[in-house]
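Below: the structure, in structure tokens.
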Amino acid sequence: MLRSLGLALCTAGLLLAVTACGGSGPARDGAEETAESFYAALENGDYARACAMLAPATLEGVQQSENGGDQDCADGLREVSLQDPGEPLSAQAFGRNAQVEFGSETVFLTLSSSNWKVMAAGCTARGDRPYSCRVEGD
């Protein structure tokens, strides 16, 4: 009996841990809201606001022009020309990282202080290979 109770408690604990890893609740909602706000800023031509939502390494990546020189973040985002992907289909938070999936693409985010920052956007799955992202850091 004691062994069965221990096994039941262990199983319940494992289920709680797995559920917590999937990240529901405020963290997930905050990441989803940031991803939607990022695309809304781009759609409205508010590149300064979109640039402020980028993680530092991503901001640096956007500021590198295709010929290797430096450029303004706004110019870099204009060059990429991301379109509004529609409504999010799913969002998951995993500790300090999150993934928000839209119909045609995915956004990856990281928690910086208490704010979600975009690490990569315009990402498409490529089977067993890493995602291909149009906005990302080095």
Once both label points are put 7 Å beyond Cα along the C-beta direction, the residue 128-residue 57 separation in nm becomes 2.5
Taking the mean number of other Cβ atoms within 10 Å as a proxy for protection, how do you rank 51-57, 76-82 from highest to lowest? 51-57, 76-82
By the C-alpha gyration tensor axes a ≥ b ≥ c (rounded if a/c is under 1.5, else prolate when a/b exceeds b/c, else oblate), the shape of the range 75-131 is oblate
Once you place label points 7 Å from the Cα toward the Cβ at residue 94 and residue 70, how far apart are they in nm? 3.5
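None of the figures in this text is laboratory data; all of them are computed from the coordinates on show. Keep in mind the model is a prediction, meaning the values are calculated, not measured. Ideal geometry is used to build each Cβ from the backbone, glycine not excepted, and the neighbour counts take in all protein chains shown.
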